[in-house]
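These notes are about the structure you will find just below.
Coordinate-derived values only; no laboratory data. On a predicted model such as this, the values are computed, not experimentally measured, just so you know. Because the Cβ atoms are built from the backbone with ideal geometry, glycine has one as well, and the counts that use them run over all protein chains shown.
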Amino acid sequence: MIIAQQATIGLARDFRESVAYSVGILGDQVANLFYYHARQNYGADPSQLPKGVEKFDQALRSLLGPGAFIVVRECAKRLAAVLGVRIEPFPDNLASLYRKVSESYRLEKWASAHELIGR
């Protein structure tokens, strides 16, 4: 159980870093404006992700409209590279992305543990 908790903590950290990277592609000024908007208007704290990811998604869509998908797509690409997983198709929001990746991650770790036990 402790291993699963550590893996979840690592996944949450990788998710936060991927979100920060993806928001950062918009430029520092836009990223800072977005983070301010997310905190002030939605109570979404990027340092607490994935907690509050739904509010973070709302803030992203309210500021960028359909352009929010660019951030989600970049985040999915970054997570796929960091975690070595395949994410297809790309989800349309960060909450769905986190659910998809965490489920895949959980299943992969479960399968790996059973492979080790079977040896």
Practice task
Enumerate the calculated ³J(HN,Hα) couplings along the range 31-46 in order (Karplus 6.51 cos²θ - 1.76 cosθ + 1.60, θ = phi - 60°), each rounded to whole Hz, writing x wherever the residue is Gly or Pro.
Solution key: 4, 5, 4, 4, 4, 4, 4, 5, 6, 5, 9, 10, x, 9, 9, x
Practice task
Please give, to one decimal in nm, the separation of the simple spin-label points placed at LEU64 and GLU88, each 7 Å out from Cα toward the Cβ.
Solution key: 2.3
